[in-house]
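The structure appears below as structure tokens.
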Amino acid sequence: MINMKYLIWAVLAGAFIPLIGILNGRVGRALGEPFYAAVMLFGVAIMLALAVSVIFGKATLSLHSLHDLRPIDYTAGFIVAFYVISATVLAGKIGVANFIVMAVTGQIMFSLVIDHFGLFGAPVKPINMTQLGGAILLLIGLATTQLAATKID
């Protein structure tokens, strides 16, 4: 059973995701460029992450430990930047709900592929029939939300 505080933390983290597009979109409009909103977001994120690390971190930062990382390990920063910029730009163009439905669909589908093949060092966990059924239902849900969105527009 998952620890309740971790469950709440994860649900809150997910609940805040739609706000990225809305708030960054507003900042982007105020600054006249959505990409500057992402720069501001990352500046705030760096300051907060540094403060949390200093206050709660158990180990001292050693730049030498970065030497052990593989080049692909650094792509996480690019992926986060891509997501934030995408949310900032697309939430205003296709709507927050549409963006989140599409993003979550992409996350779950690619997660299944990562698990099935053990990509990026993940343990191999072959897709089973239940997961395959869930993935099919997810795609049906994506199609349904998009059909509903086109009828409203």
Review point. Just one of Thr130, Thr75 is loosely packed, with under 12 Cβ neighbours inside 10 Å, outside any loop (DSSP other than H, G, I, E, B) and free of Cβ contacts under 8 Å to residues at least 12 places away in the same chain; which is it?
Key: Thr130
Exercise for review: Name the single residue, out of those in the stretch 86-107 being aliphatic (A, V, I, L, M) and under 11 Å from the mean Cα position of the chain (by Cα), that is surrounded by the fewest Cβ atoms within 10 Å (Cβ to Cβ).
Suggested key: Val104
**Study point:** Residue match in the stretch 95-117 (condition: assigned to a loop (DSSP other than H, G, I, E, B) and either at negative phi or in contact (Cβ under 8 Å) with a residue 12 or more places away in the chain (or both))
**Key:** yes
Check your understanding: Do we have any residue at all in the stretch 30-49 that's over 22 Å from Lys93 (Cβ atoms), of a type outside the set (A, V, I, L, M, F, W, C) and modelled with pLDDT of 90 or more?
Key -> yes
Check your understanding: Somewhere in the stretch 79-93, is a residue of a type in the set (A, V, I, L, M, F, W, C), outside any helix (DSSP H, G or I) and in contact with a Gly (Cβ under 6 Å, 6 or more places away or on another chain)?
Key -> no
Review point. Of all residues in the stretch 2-37, how many are under 12 Å from the mean Cα position of the chain (by Cα) and of a type in the set (Phe, Trp, Tyr)?
Key: 1
Review point. Are any residues in the stretch 115-126 touching a Lys or Arg at 6+ places or on another chain (Cβ under 9 Å) and surrounded by 13 or more Cβ atoms within 10 Å (Cβ to Cβ), and if so, which ones?
Key: Asp115, His116
Check your understanding: In this structure, is His64 loosely packed, with under 11 Cβ neighbours inside 10 Å, over 12 Å from the mean Cα position of the chain (by Cα) and in a helix (DSSP H, G or I)?
Key -> yes
Practice item. Scan Met47, Met102 and give me the residue that is assigned by TED's automatic domain parsing to the domain that holds Gly141 and either touching a helix residue (DSSP H, G or I) at 6+ places or on another chain (Cβ under 6 Å) or among the aliphatic types (A, V, I, L, M) (or both). Key: Met102
Practice item. For the stretch 110-120, indicate whether the set of residues that are within 21 Å of the chain's Cα centre (by Cα), of a type in the set (Val, Ile, Thr) and within 23 Å of Ile22 (Cβ to Cβ) is non-empty. Key: no
Study note, to complete from the structure: Scanning the stretch 1-50 for residues that are assigned to a helix (DSSP H, G or I) and β-branched (Val, Ile, Thr) gives Ile8, Val11, Ile17, Ile20, Ile22, Val27, Val39, Val44, Ile46
Point to revise | Filtered residues of the stretch 96-117 (kept if in contact with a Gly (Cβ under 9 Å, 6 or more places away or on another chain) and at pLDDT below 90) | key: Val96
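The values are calculated or read from the model by the stated rules, or taken from the named source; none is laboratory data. None of these values were measured; they are calculated from a predicted model. With ideal geometry, Cβ positions are generated from the backbone for all residues, glycine too; neighbour counts draw on all protein chains shown.
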